[in-house]
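Read-outs throughout are calculated quantities, based only on the coordinates presented, and are distinct from any laboratory measurement. Predicted, not measured: the structure shown is a model, and the values here were computed from it. Here the Cβ is made from the backbone with ideal geometry for all residues, glycine too, and neighbour counts use every protein chain on show.
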Amino acid sequence: MKVLVAARALEVFEALQRIEDVEYEEALFTGQIYSAIPSCQLIIIDYEDLVEHPYDVRMIRELLAESNVRTYSSEEFLLDPGKCIREAEIRPGSMTRLPEKYTVGFVSYSGGTGKTTLALDTALHFARQIDKHRQASLPVMLIEFTYGDSALASILGLEMPHLYDMATKTDVDPIRFNGVTLIPMDYDNCKLLSIDLIRNYLKRQMANHVLTIVDSYWPHGLIAAVKEDVDRWFVVGTPRLDAIVNARKLKEELGSEAGVVLNMMDSITDNLALAGMERALDLARLDQVDRFEGKLGRQILAHIYGPAWQEFEKRAGKFKWPWRRSGRTGK
């Protein structure tokens, strides 16, 4: 991991020297910082220490706010250096190692955006790649937050236990479908449960999975059970005007950990019409997406994990999931 230190605090350098697999450099001139931003995963910056040459500090603040780089003040970093490093390592699209645990949520204000299809295709593609690597101890789970009947159960056409029974009965376990642990929601029953009960059950399940995918209506009355555990939100929209407006609003509500995914993009015309709209990923309209062949999921996973996932897919059967050592459990 590459770290830029734009601060004078000596304690920061001492802390970095004690952490493995970290390269760091110092830069106090705003021009140096501007040049270094694209190559860094973490920036420790005290704005009062900067030298305004040739750019002013305000410009640097704005650039960092719009970038995909984790930033901390020296005081924030020194509170827990290990945690700051881990959070920077799992920044979407820039990972150089695959994390022990990651949770991603697919959400939308609008209906008909294909959010459940994206979530399921991503989960199934992840499971297939894990199977190719013969690493069955690295499971993936899909949790549904819905109103009314379960879309997940309907799409798959499976009889399966729902969250209410799993959370309240010790002898009921989730089913696994093609390597994916499935937790569909029966809202009429689940709404009778406390958030804490649901949270505690799901936390136990999430602890046993490398990747957890959340498929949720937004807003949802029970999402607080997992909201704080989600590392990355994908706000799913389409080129429809209402879906675009809603995606912008929801991204703003969720903040910096959210990115817009525009699904079912049809043509160059769609791209031109949406020029200037910030989004994480565009996905073309595809035929037979209900076959869940991973055409969409592969793109989602590459966006989340970046170079680490591309290497993982490329070297099927020869590439071990590279567990982190920075104060985390696991092999």
message: Quick check: net charge around Leu193, other residues with Cβ under 14 Å of its Cβ, Lys/Arg +1 and Asp/Glu -1?
response: -1
task: State the answer as a single residue: which of Tyr24, Ile45, Leu63 lies farthest towards the positive end of the charge dipole of segment 1-130, with beta carbon charges of +1 for Lys and Arg and -1 for Asp and Glu, about the Cα centre.
output: Leu63
query: Mind checking which of Leu202, Leu98, Leu192 has the largest fluctuation in a GNM of the chain, springs on alpha carbons under 10 Å?
result: Leu192
query: Under a 5 Å amide H to amide H cut-off, with H placed in plane at 1.01 Å, what residues pair with Tyr24 once short-range neighbours are removed?
result: Val3
statement: Candidates Gln299, Gln32, Gln129; GNM for the chain (alpha-carbon contacts under 10 Å) flags as most fluctuating Gln32
At R0 = 25 Å, FRET efficiency that the Cβ-Cβ distance of Arg8 and Tyr34 yields, to 0.05: 0.85
field: Two-site label geometry, Ile195 and Leu63: point separation in nm, points 7 Å out along Cα→Cβ
entry: 4.0
- request: Amide H neighbours of Ile45 under 5 Å, at least 5 residues apart or on other chains, H built in the peptide plane: list them.
  value: Ala6, Tyr72, Ser73, Ser74
- prompt: Relative contact order for the chain using alpha-carbon pairs under 8 Å, separation at least 6, rounded to a whole percent?
  reply: 21
message: Taking the Cα centre as origin and putting +1 on Lys and Arg beta-carbons and -1 on Asp and Glu beta-carbons, what dipole magnitude results for the chain, to the nearest 20 debye?
response: 1140
- line: Least to most buried among Ile195, Ile43, by other C-beta atoms within 10 Å and fewest first, runs Ile195, Ile43
- prompt: Convex hull over the alpha-carbon atoms of segment 151-221: what's its volume per residue in Å³?
  reply: 105
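About its Cα centre, how strong a charge dipole does segment 2-89 have in debye, to the nearest 20, once Lys and Arg get +1 and Asp and Glu get -1 at the Cβ?
160
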query: Which one of Gly148, Phe312, Ala224 has its Cα pushed farthest toward the positive end of the charge dipole of the chain, where Lys and Arg give +1 and Asp and Glu give -1 at the Cβ?
result: Phe312
field: From phi via Karplus (6.51, -1.76, 1.60), per-residue ³J(HN,Hα) for segment 22-31 in Hz, x at Gly/Pro
entry: 10, 10, 9, 9, 9, 8, 10, 6, 4, x
- prompt: On the first, second and third principal axes, largest extent first, how far apart are the outermost C-alpha atoms of segment 102-314 in Å?
  reply: 54, 39, 32
message: If R₀ is 22 angstrom, what is the calculated FRET efficiency for the pair Ala224 and Arg176, using the beta carbon separation as r and rounding to 0.05?
response: 0.25
message: Going through the cross-link list Lys115/Lys249; Lys132/Lys295; Lys227/Lys249; Lys169/Lys203; Lys101/Lys227; Lys191/Lys249, which pairs have a Cα-Cα distance over 20 Å in this structure?
response: Lys191/Lys249
- prompt: Counting DSSP beta bridges in the chain, what percent are antiparallel, to the nearest 5?
  reply: 5
